[in-house]
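Trainee: Quick one: this structure, given as structure tokens, is what I'll be asking you about.
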Amino acid sequence: MSSVAKRQHAVKSQAMEHTPAGAVLTDLIIPVIQLEAHFSRAGESIAATAGQTLARWLTLEMVANEPATVAQIAKRLNLARQSVQRIADLLAQDRLTEYVDNPDHRTSRLVRLTPQGHQTLRSIQASQREWSNRIGARIGESGLRQASSVVAKLTRALLEERAVRS
């Protein structure tokens, strides 16, 4: 065996093999990314029933129960503040939201739903319920609860891993 072949063999031998759980996780990554794309397309379709986009729907949802600053909305959605600011401005321009004074901060105004915004959000939510009931019936409650539990565990593990690496 040549010296190059010996070195390559030594490197390959030192490379860590997947554990069974690591192999399954690796096999799960692509389907989960594909699932996210399917959810996004479904969200766009659902939001379109009320003349909105997924980004606008998500922003409306973030202020459905109480007003929030653009920074708070961005943090909850894990998005850049600037992109949420653009959406918030468009929603205000369309009179679905409005900016109101923030008693906790003079320069950071709150985004609040208007009556028209509430109506639009209720329409989107009705379409979403119809969609989720239809898709949910195909999968079943038990399977969806199990999937939800696994997703929650994966999310926690990834957040913990990120914190360790930071």
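Trainee: What single numbered condition from (1) modelled with pLDDT of 95 or more; (2) out of contact with any Asp or Glu (no Cβ under 9 Å at 6 or more places or on another chain) fails to hold for Thr53?
Mentor: Unmet condition: (2).
Trainee: Let me ask something additional. Does any residue in the range 40-56 that is closer than 13 Å to Ala126 by Cα come within less than 7 Å, Cβ to Cβ, of a residue that is at pLDDT below 95 and buried (at least 18 other Cβ atoms within 10 Å of the Cβ) six or more places away or on a different chain, and which pairs are these?
Mentor: Pairs that qualify, where the first residue is closer than 13 Å to Ala126 by Cα and the partner is at pLDDT below 95 and buried (at least 18 other Cβ atoms within 10 Å of the Cβ): there are none.
Trainee: Determine which member of the set Ala37, Ala55, Ala21 is farther than 27 Å from Glu130 by Cβ and either of a type in the set (A, V, I, L, M, F, W, C) or part of a helix (DSSP H, G or I) (or both).
Mentor: Exactly one of Ala37, Ala55, Ala21 is farther than 27 Å from Glu130 by Cβ and either of a type in the set (A, V, I, L, M, F, W, C) or part of a helix (DSSP H, G or I) (or both), namely Ala21.
Trainee: Look at the range 61-107 and say how many of its residues are loosely packed, with under 12 Cβ neighbours inside 10 Å, farther than 25 Å from Ala126 by Cα and over 24 Å from the mean Cα position of the chain (by Cα).
Mentor: Number of matching residues: 7.
The values are calculated or read from the model by the stated rules, or taken from the named source; none is laboratory data. Bear in mind that the values here come from a model prediction, so they are computed numbers and not experimental data. Glycine also receives a Cβ, built like all others from the backbone with ideal geometry; neighbour counts cover every protein chain displayed.
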